[in-house]
Amino acid sequence: MKKGGLLRLMIASAALGILLWLPAGTAGEKIEVFSLDQLLKGKPLPPDKTAHAIPVTKVPGAELQVIEMSKIRLHSHKQEDHIVYIAQGTGKARLGNESRDVKVGDILLLPRNIPHSFDKTGTENLVLLVIATPGWKPLEDTTFLDK
């Protein structure tokens, strides 16, 4: 697949995940609309933490989480792939053996088993919209690779 085709596929996948943004257990029952600002204000990042996830929905093909963070340690996942949309802030991402700056509007495709980490570089926390493939069990599936 050409690079432009992959980007279009990633954008379409992210858009589909956002369109399916329903509370857990309500897929197919009713449509609800959420504001990212409301979600973040309702569950702010605790001062003693560097990251936390706000589960938004599970549907048969994916799960969407909003992650507010100042730092996420280097880690990988055995069971799921991620599509990550940078919704707020600026940062530095380590993706495999590469490091790159990330900003609002960036979409990252993170295949399973690829180490990745994030650090904010601006004054506001990074907010990531993460769509994960089925089978995600965060506590069992995440392997941290640094101390």
For this session: Out of the residues in the stretch 60-73 that are surrounded by fewer than 19 Cβ atoms within 10 Å (Cβ to Cβ) and modelled with pLDDT under 90, state the one that is nearest to Gly105 (Cα to Cα).
Result: Gly61
Exercise. Ala62 passes all but one of (1) closer than 14 Å to Leu128 by Cβ; (2) in contact with a Gly (Cβ under 7 Å, 6 or more places away or on another chain); which number fails?
Worked result: (1)
Exercise. Can Ala53 be described as modelled with pLDDT of 50 or more and within 13 Å of the chain's Cα centre (by Cα)?
Worked result: yes
Exercise. Within the stretch 74-111, which residues are touching a strand residue (DSSP E or B) at 6+ places or on another chain (Cβ under 7 Å), under 15 Å from Asp141 (Cα atoms) and buried (at least 16 other Cβ atoms within 10 Å of the Cβ)?
Worked result: Ser76, His77, Glu80, Asp81, His82, Leu110
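The values are calculated or read from the model by the stated rules, or taken from the named source; none is laboratory data. Nothing here was measured: the structure is a model prediction, and the numbers come from that model. Positions of Cβ are generated from backbone atoms using ideal geometry, with glycine treated the same way; all protein chains shown enter the neighbour counts.
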